[in-house]
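Colleague: One structure follows; several queries about it will come next.
The values are calculated or read from the model by the stated rules, or taken from the named source; none is laboratory data. Computed from a predicted model, the values in this text were never measured in an experiment. Positions of Cβ are generated from backbone atoms using ideal geometry, with glycine treated the same way; all protein chains shown enter the neighbour counts. Ligands, DNA and RNA are excluded from the accessible area calculation, which covers all protein heavy atoms including side chains. Shrake-Rupley method; radii C 1.70, N 1.55, O 1.52, S 1.80 Å.
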Amino acid sequence: MGKISSNFDSGRIKVIDESDWSAMRLTILPDREGSDEFMGFHFVATGGRGRTCNFTLEDAGKSRWSRGWKNYRVAASYDGADWFRIPAAFDGSSLSWTHTPESDRVSYAYHAPYRETDRFALIGRCGASPLARVESLGHTLEGRSIDLVTVGEPAKGKKVIWVLARQHPSETQGEFAAEGLLDRLLDAADPLSAALLKQAMFHVVPNMNPDGSFKGFHRYNAGFVDLNRSWSDTTKEKSPETWYVRERMRHTGVDFCYDIHADESSHYPWPVRPVGVPSWSKKQGELLKRFEDALLVASPNYQPDLPKPNYDYAPGKDPLAMAISWTAETFGCPSFIIELPFLDDEFNPDERVGWSPRRSRLFGAASLEALAAVVGDL
């Protein structure tokens, strides 16, 4: 009888041999056969209570993002709500870990999942709030709703802020952060949120990639498109998620775009800035700097100046394929990516949970304080 299952929302793994608890052999399925676009996994092991279980992901070193396995710890949960970390070892080829479960059923994942049921609950809370409106912009290639939450009432002079999350489906940190931002924004007792809503309207897409999220993909949508490389040439046929959001942005305008992602190998939140767009102006740069300065105060684990991968294009050379680049060029607004970690916060480590859903929620909520510092001048 099988011991490993991944046939559920966000589940993804391939079993090579599950006959021996001491040598469970697995591989991570790529988003597309033959691709090196993979990191995410999520599966359930049943029947291992009290046993010393050894799991090996035999293809981990073939991932394009294999640098992220250094110092990595697997996320595990007995109840799907409380996720803790298990140390793992990476030898350059395989990732392995040993665990003695305290329960008959345990989930293992690349990072704590954010599932459709979680999203339905969030959208339900938003829909029930007198401060918000919920709508479907359209449908994905597999027929899932592309949900938009609008918070605030339109009025002359109000700024328009767009928040995007989870263009890359394994980056569940983004959806947790969007949840934290929305829950705070909808708290009528929060004076910061009330003050913001007097000055701005928020359009929030908590999950840009529902199909990829359900399939447990790392980067792509169901049509094998990297949504955050599709903004300059999107089509409804290949990437309806980007197409519908982009068209609504043309209708509303954009005064600030905040796109929430996650990075495989960093140990702290860090930024991506669209300074290479042809029309990037001094004002856009100054407003973004003020936003980042305020974000550093609101959430001191943000690290804007530490070394990071180079996503900055030379001035005028940005191809506008990313959301922040397209919005900055199209609307002349400050646009910004935050990359949250998969690992841990090296400045405030937590041995039990690492970077957790709660930390992402708190970061999302704190980002409203940074927006408050600039909204009047957008």
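Colleague: Restricting the search to the stretch 221-243, which residues are open to solvent by 10 Å² or more (accessible area, probe 1.4 Å) and either out of contact with any Lys or Arg (no Cβ under 9 Å at 6 or more places or on another chain) or under 17 Å from residue 325 (Cβ atoms) (or both)? It would help to see each step written out before you state the result.
Modeller: Of all residues in the stretch 221-243, those open to solvent by 10 Å² or more (accessible area, probe 1.4 Å) come to 222-226, 229, 232-238, 243.
Selection gives 225, 226, 229, 232, 233, 234, 235, 236, 237, 238, 243.
Colleague: Name every residue in the stretch 115-133 that is part of a loop (DSSP other than H, G, I, E, B) and loosely packed, with under 13 Cβ neighbours inside 10 Å, in order of residue number. Full working, then the answer.
Modeller: Going residue by residue through the stretch 115-133, those that are part of a loop (DSSP other than H, G, I, E, B) are 115, 129-131.
Passing the criteria: only 130.
Colleague: Scan the stretch 205-227 and give yes if some residue there is among the aromatic types (Phe, Trp, Tyr), in a loop (DSSP other than H, G, I, E, B), under 15 Å from the mean Cα position of the chain (by Cα) and under 28 Å from residue 73 (Cα atoms), otherwise no. Before you say what the answer is, go through the steps one by one.
Modeller: Restricting attention to the stretch 205-227, the residues satisfying the condition of being among the aromatic types (Phe, Trp, Tyr) are 214, 217, 220, 224.
Retained after the next criterion (residues that are in a loop (DSSP other than H, G, I, E, B)): 217, 224.
With the extra rule that they be under 15 Å from the mean Cα position of the chain (by Cα), the set shrinks to 217.
Then drop every residue that is not under 28 Å from residue 73 (Cα atoms), which leaves 217.
Within the stretch 205-227 (the criterion being among the aromatic types (Phe, Trp, Tyr), in a loop (DSSP other than H, G, I, E, B), under 15 Å from the mean Cα position of the chain (by Cα) and under 28 Å from residue 73 (Cα atoms)), the answer is yes, since at least one residue qualifies.
Colleague: In contact (Cβ under 8 Å) with a residue 24 or more places away in the chain, over 13 Å from the mean Cα position of the chain (by Cα) and open to solvent by less than 10 Å² (accessible area, probe 1.4 Å): which single residue out of 150, 172 fits that description? Show your work before the answer.
Modeller: On the way: 172 fails: over 13 Å from the mean Cα position of the chain (by Cα).
So the residue among 150, 172 that is in contact (Cβ under 8 Å) with a residue 24 or more places away in the chain, over 13 Å from the mean Cα position of the chain (by Cα) and open to solvent by less than 10 Å² (accessible area, probe 1.4 Å) is 150.
Colleague: In this structure, is residue 136 more than 19 Å from residue 341 (Cα to Cα), surrounded by fewer than 20 Cβ atoms within 10 Å (Cβ to Cβ) and of a type in the set (Gly, Ala, Ser)? I'd like the intermediate steps shown before the answer.
Modeller: Details: more than 19 Å from residue 341 (Cα to Cα): yes; surrounded by fewer than 20 Cβ atoms within 10 Å (Cβ to Cβ): yes; of a type in the set (Gly, Ala, Ser): yes.
Considered against the rule, which asks whether it is more than 19 Å from residue 341 (Cα to Cα), surrounded by fewer than 20 Cβ atoms within 10 Å (Cβ to Cβ) and of a type in the set (Gly, Ala, Ser), residue 136 comes out as yes.
Colleague: Got a sec? Which of 274, 304 is surrounded by 23 or more Cβ atoms within 10 Å (Cβ to Cβ), assigned to a loop (DSSP other than H, G, I, E, B) and touching a residue at least 24 places away in the same chain (Cβ under 8 Å)?
Modeller: Working: 304 fails: surrounded by 23 or more Cβ atoms within 10 Å (Cβ to Cβ).
Only one candidate qualifies: 274.
Colleague: Mind checking which residues of the stretch 346-378 are buried (at least 22 other Cβ atoms within 10 Å of the Cβ) and either on the phi > 0 side of the Ramachandran plot or at pLDDT below 95 (or both)?
Modeller: Correct list: 354 only.
Colleague: I want to confirm something. Restricting to the stretch 248-262 and keeping residues that are open to solvent by 30 Å² or more (accessible area, probe 1.4 Å) and touching a strand residue (DSSP E or B) at 6+ places or on another chain (Cβ under 8 Å), which single residue is nearest to residue 359 (Cα to Cα)?
Modeller: First, the residues of the stretch 248-262 that are open to solvent by 30 Å² or more (accessible area, probe 1.4 Å): 248, 250-252, 255.
The next check asks that each one be touching a strand residue (DSSP E or B) at 6+ places or on another chain (Cβ under 8 Å); those that pass are 248, 252, 255.
On the way: 248: 30, 252: 31, 255: 27 Å.
Among those that are open to solvent by 30 Å² or more (accessible area, probe 1.4 Å) and touching a strand residue (DSSP E or B) at 6+ places or on another chain (Cβ under 8 Å), it is 255.
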